[in-house]
Amino acid sequence: MKMMSRLTALTLTAVLALGTLSGCGNTASSGHKQIIRIGHNQSTNHPTHLGLKAFESFIEEKLGDQYNVEVYPSELLGSQNEMVQLTQTGAINFCVASNSLLETFSSNYTLFNLPYLFSNSEAYHAAMDDTSITDPIFKSTQQAGFEAVTWLDAGTRNFYTVNKPINTPADLKGLKIRVQQSPTNVEMMRLLGGAATPMGFGEVYTALQSKIIDGAENNEMSLTDNGHGDVCKYYSYDMHQMIPDILIGNFAFLNGLSDDERAIFEEGFQLLNQVQREEWVTAVEKAKERAVNEQGVQFLYPDTRAFQEACQPLHESMLKAQPDLEPIYDAIQKYNELYQEPQS
Ligand code: GCU
């Protein structure tokens, strides 16, 4: 297990100690409210935080006599990898993790990490809203101590670099590009010809600034909300991935809810999904505007075909390694076909 940073460990110890001192540990006891801790790695302006605050208000409105929801932004409880482990053990109740990271906990998650899995955002949203597609994946980690309860939009991932415009995969040659810590992402970079540098999200800004890496890949929000656009001036819409963020919950906690409570939590998860996705649309528009006008980022629109062809072997290798995922993969292709047709 990766060592937690000293600061993170201290913050976490303080947070958990406060809970214990105030008599509000993870176990509900009569006369005390149970604290529900939710961690994520985005800022307080981010759609994910706004969605989680709506979830907090909803749960406290419906079940406020029993639960007190606390949302911890900005990696206060650790990096995503650390937060997943804390959720697994029940040290915290929920966290938001990129689907990318979850493939190391259950290989089923590899499916949603495939580059060019979805042909456009309509197909992506429709597939992720289809529980016959998500359930087999979301429930596959129960034995590992957690399950996914809803997905959140994280847009489209694209390459951005300090000073070299990326128009074809050949432009990535020799560049060190930060990727998320997942085998699929490392392999994707190998296939595209760049040098993958896996690291946690919180480390990317400093790595860009100190030129340890030449670029990264993410949605538009990372340019503004995380300041990457202060350093990277070329953002290239190669559209290689649409990777959802996933709210995961400790399985024992979820299982311990009564049927009525669970129904209220499910409503809360839906509300979170809805608020986050609505906020996402305007947040991305604003990020793009700010990146152009205030950070001087140039947006490029390359032909995506060469990128797509280079990544195709990843689809074949996943289907070969996990033939049980083929029906779900095929169901996604149906959405791709449906939304490929011109909309009337
Ligand atoms: C996006 C995503 C995060 C993820 C980050 C990353 O911002 O929403 O969940 O951590 O990308 O690249 O690590």
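The values are calculated or read from the model by the stated rules, or taken from the named source; none is laboratory data. Fair warning: this is a prediction, and the values are worked out from it, not measured in the lab. Cβ atoms come from the backbone with ideal geometry, glycine included; neighbour counts cover every protein chain shown. Accessible surface is based on the protein model in full, side chains and every heavy atom, while ligands, DNA and RNA are left aside. Shrake-Rupley method; radii C 1.70, N 1.55, O 1.52, S 1.80 Å.
Tabulated data
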| quantity | calculated |
| --- | --- |
| Alpha-carbon centroid distance for the pair segment 144-161 / segment 273-314, whole angstrom | 15 |
| Segment 193-344, relative contact order [Cα under 8 Å, separation at least 6], % | 30 |
| Among Thr224, Ala252, Asn113 the positive-end extreme of the charge dipole of the chain (Cβ point charges) | Thr224 |
| Farthest toward positive dipole pole in the chain [+1 Lys/Arg, -1 Asp/Glu at C-beta], among Asn158, His125, Val275 | Asn158 |
| Built amide H within the under 5 Å cut-off of Tyr237, gap 5+ | Leu300, Tyr301 |
| The chain, helix-only ellipticity at 222 nm - DSSP H runs n ≥ 4, -39,500 (n - 2.57), divided by all residues, nearest 500 | -14000 deg cm²/dmol |
| Point-charge dipole on Cβ atoms (K/R +1, D/E -1) for segment 201-258, about Cα centre, debye to 20 | 100 |
| Magnitude of the charge dipole, segment 70-202, Cβ model with Lys/Arg +1 and Asp/Glu -1, debye to 20 | 680 |
| Top positive-direction residue, dipole computed over the chain with Cβ charges, set Ile59, Ile328, Val96 | Val96 |
| Solvent-accessible ranking of Leu300, Leu102, largest area first, probe 1.4 Å | Leu300, Leu102 |
| Shape category assigned to segment 176-325 from the gyration tensor of Cα positions, a/c cut at 1.5 | oblate |
| Under 22 Å, Cα to Cα: Lys pairs in the chain, sequence gap 8 or more or different chains | 18 |
| Contact order relative to length of segment 96-172, as percent, for alpha carbon pairs under 8 angstrom and 6 or more apart | 19 |
| Solvent exposure of segment 238-344 as accessible area per residue, Å², 1.4 Å probe | 56 |
| Label-point separation, Lys173 to Gln312 (7 Å along Cα→Cβ), nm | 2.1 |
| In Å², nearest 10: area of Lys173 left accessible to a 1.4 Å probe | 150 |
| Tensor-based shape of segment 236-344 (alpha-carbon gyration tensor, a/c under 1.5 rounded, otherwise prolate or oblate) | oblate |
| Solvent-accessible area, 1.4 Å probe, carbon plus sulfur percent, for segment 174-305 | 50 |
| Rounded Å value of the spacing that divides the Cα centres of segment 42-61 and segment 318-340 | 33 |
| Span per principal axis, largest first, for the Cα atoms of the chain (Å) | 63, 45, 40 |
| Kyte-Doolittle at least 1.0, axis length at least 15 Å by Cα - qualifying DSSP helices, the chain | 6-21 |
| Three-way shape label, segment 190-250, alpha-carbon gyration tensor, a/c 1.5 | rounded |
| Whole-number percent relative contact order across the chain, with pairs defined as alpha carbons under 8 Å at least 6 apart | 23 |
